[in-house]
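Below: the structure, in structure tokens.
The values are calculated or read from the model by the stated rules, or taken from the named source; none is laboratory data. Remember, it's a predicted structure, so these values are computed and weren't measured experimentally. Neighbour counts run over all protein chains shown; Cβ positions are idealised from the backbone, glycine included. Heads up: the accessible areas ignore ligands, DNA and RNA and are worked out on the full protein's heavy atoms, side chains in. Shrake-Rupley method; radii C 1.70, N 1.55, O 1.52, S 1.80 Å.
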Amino acid sequence: MCGIVGYIGNREAYPIVLKGLERLEYRGYDSAGIVLYDGQDLQLCKTQGKVLDLKKKSEKENITKGHVALGHTRWATHGVPNDVNAHPHYSNSGNLVIIHNGIIENYASIKEELIKRGYVFHSDTDTEVLVNLIEEIQKHEGVKLGKAVQIALNQVVGAYAIAVFDRNKPDEIIVAKLGSPLAIGVGEDEFFIASDASPFIEYTNNAIYLEDEQMAIIRKGRDVRVRQIDGDKQVAPYIQELQLNLEQIEKGGYEHFMLKEIYEQPEAIKDTYRGRLRINDGIVKMAGLEDNIHKFLNAKRIIVVACGTSWHAGLVAEYIFEDLVRIPVEVEYASEFRYRNPIINSDDVVIAISQSGETADTLAAIKLAKENGAFVFGVCNVVGSSIARESHAGAYTHAGPEIGVASTKAFTTQITVLTLMALKLAKRNGRISQSEFHQYLAELETIPAKVERSLEVDSHVKYISSIYKDVANFLYLGRGYNFPVALEGALKLKEISYIHAEGYPAAEMKHGPIALIDEQMPVVVIATKKGHYEKVISNIQEIKSRKGKIIAVVTEGDRDVKLLADHVIEVPETYEALTPLLTTIPLQLLSYHIAVMRGCNVDQPRNLAKSVTVE
Ligand code: F6R
């Protein structure tokens, strides 16, 4: 993972790069570092910990001056998180400096060779190997920096977004990309480099997104020259206009990004269906799907590939696609799919779901699917991301930037897109009538207001959180459409509060997990009116008779569950297929409040990063 930021121009680079690193901290926060070129020499400051620690250290050491800078926030892969392994890394001569997001898989053999040639390594990182390889090529072959970077990259196996600076050539920065994202902000006589556009959004709306296997020479006050890494082919850079604004990436008065993003869901869902859900015309308009509708309608099978929360959205999609469209759906962990020699046919449609659009396993899974002739449809949030570009077609969720590491609005907006797709397809293949289709659209349009109402339980959920914040385990149960919600609720709790939690289909409980239940065990049960209500009540009885504590998510006005549960949390009534959009809200709030009460870092939980660009 890791976040990289760079600047070359006429402004003071320090505040730009530091702010940029703060915005990219979601990508990793094990250590941070910055190097500045002050017109004469390089000044380096790096430290274990967060960008705030870097700020304190660099200001204390007076390392803040220069019009060129490279910064890095790290999610450790090779080497423990400490000061030495933090980026940037110098080459042995001290002339070159590099920042890197990704992994160099064959670093060990290259390192061995460089050691034989007299190189000394100070860190355990693969990155320090790469910068010395570049230096060795520069020296040995007598080539310019750009050429040396290119030759080096043709020797390495792995993934990277890198920026390299040579203090003997202070008017240029070389960048390159394979598998990790890299955007170049194009200003007037100045350029920005970053893992996404958020670090430079207040300076320019123009960005170049490098494609895989491309590198660029960024020349101060001049231009950006893009070329293929595996040859000398120059590529005309495509400058894209960004839609992002600053307000979208700030906290807007909320204590945490996660809470802000939970509360943004009514608007985010509206943004997702805006222009697509057209009740008056009686249609769902989705160009990416429309243009490829026959691929879907002729598909023998849909395979969903995703990871984490996006995988849970994929499970909801399985229920709704099979229920309404009647096409068989398989939901695969991308990390398993890519390595298990799966059977993929040319009449399969693969839907890749990813908030970031950069998840390495999902990206590899779709590449595999494409190699085998399948049609790939991407459902991503980040516009222009690798998965979006690698897919044959797709639909964006339009949730806006999700900064909190725990996914919230990404989940509900993914479900919204997938629901729209299912409705469009079901109407086209005649599995639902025009009037059913119409009713679904009308109901979907009520969802933002119903999410708003679901958020009103916040203070009640906070009270429940105060009772259970110190327990060691939680169980989450749901059936049908709400089974994936139970998995998602458990994932949210464990990732931000570090409480062990399991999600189960409610009826599976008696095949094992029931043994865990005693008076210490809170069990969150999703027991809405639509969807196996009576059966879930029986499951609640089973928990009750073993003295488990029941926190039930019920439909407004419910009476029966109220008689049995220790706590009930009400959400509005909706169609069964749409309940996940509501039942997930109190579970997000529950995990949020418990984590805050336990003093956990909600937006940056330990060991995690927002976009998992390593496998
Ligand atoms: C959980 C979470 C992760 C991501 C997973 C996939 O809250 O954020 O489980 O869902 O890493 O990420 P994307 O959706 O970016 O592919």
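The residues of the stretch 30-48 that are open to solvent by less than 20 Å² (accessible area, probe 1.4 Å) and under 20 Å from D603 (Cα atoms), listed by number, are S31, A32.
Between Y396, Y333, the distinction of being hydroxyl-bearing (S, T, Y), within 14 Å of the ligand (Cβ to nearest atom), open to solvent by 30 Å² or more (accessible area, probe 1.4 Å) and under 14 Å from the mean Cα position of the chain (by Cα) belongs to Y396 only.
Filtering the stretch 346-376 to residues that are crowded, with 24+ Cβ neighbours inside 10 Å and of a type in the set (S, T, N, Q) leaves S354, Q355, S356, T359, T362. Counting the residues of the stretch 337-355 that are more than 16 Å from the ligand (Cβ to nearest atom), assigned to a strand (DSSP E or B) and under 23 Å from the mean Cα position of the chain (by Cα) gives 1. The residues of the stretch 66-104 that are free of Cβ contacts under 8 Å to residues at least 60 places away in the same chain, crowded, with 21+ Cβ neighbours inside 10 Å, among the hydrophobic types (A, V, I, L, M, F, W, C) and not in a strand (DSSP E or B) amount to a single one, A86. Can you find even one residue in the stretch 578-587 that is closer than 30 Å to G179 by Cβ and either away from the ligand (no atom under 16 Å from the Cβ) or out of contact with any Phe, Trp or Tyr (no Cβ under 6 Å at 6 or more places or on another chain) (or both)? No, the stretch 578-587 contains no residue that is closer than 30 Å to G179 by Cβ and either away from the ligand (no atom under 16 Å from the Cβ) or out of contact with any Phe, Trp or Tyr (no Cβ under 6 Å at 6 or more places or on another chain) (or both).
Let's see how each residue does on (1) of a type in the set (A, V, I, L, M); (2) in a strand (DSSP E or B); (3) more than 16 Å from the ligand (Cβ to nearest atom):
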residue: K462; (1), (2), (3): no, no, yes
residue: S465; (1), (2), (3): no, no, yes
residue: L475; (1), (2), (3): yes, yes, yes
residue: F483; (1), (2), (3): no, no, yes
residue: L487; (1), (2), (3): yes, no, no
residue: K492; (1), (2), (3): no, no, no
residue: E495; (1), (2), (3): no, no, no
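From the list G308, G282, G314, the one residue that fits, being small (G, A, S) and away from the ligand (no atom under 16 Å from the Cβ), is G282. Taking residues in the stretch 301-318 that are within 10 Å of L487 (Cα to Cα) and open to solvent by 10 Å² or more (accessible area, probe 1.4 Å), and partners anywhere that are of a type in the set (D, E) and within 13 Å of the ligand (Cβ to nearest atom), the pairs with Cβ atoms closer than 8 Å and at least 6 places apart or on different chains are T309/E488; H312/E488.
Could you tell me which of the residues I63, I115 is at pLDDT 95 or above and open to solvent by 60 Å² or more (accessible area, probe 1.4 Å)? So the residue among I63, I115 that is at pLDDT 95 or above and open to solvent by 60 Å² or more (accessible area, probe 1.4 Å) is I115.
Yes or no: E322 away from the ligand (no atom under 16 Å from the Cβ), open to solvent by 10 Å² or more (accessible area, probe 1.4 Å), free of Cβ contacts under 8 Å to residues at least 12 places away in the same chain and not in a strand (DSSP E or B)?
Criteria met by E322.
If the condition is being buried (at least 24 other Cβ atoms within 10 Å of the Cβ) and either of a type outside the set (G, A, S) or in contact with a strand residue (DSSP E or B) (Cβ under 7 Å, 6 or more places away or on another chain) (or both), then the stretch 587-601 contributes L587, Q588, L589, L590, Y592, I594. Of H460, H511, all but one fail to be open to solvent by 30 Å² or more (accessible area, probe 1.4 Å), at pLDDT 95 or above and farther than 30 Å from F296 by Cβ; the exception is H460. Restricted to strands (runs of 3 or more DSSP E) entirely inside the stretch 139-220, those with at least 3 residues that are in the same structural domain as L242 (by TED's automatic domain parsing) and under 18 Å from V382 (Cβ atoms) are 183-186, 191-194, 206-209. Filter the stretch 3-24 down to the residues that are open to solvent by 20 Å² or more (accessible area, probe 1.4 Å) and part of a helix (DSSP H, G or I), then identify the one that is nearest to V51 (Cα to Cα). Looking at residues that are open to solvent by 20 Å² or more (accessible area, probe 1.4 Å) and part of a helix (DSSP H, G or I), I get E22.
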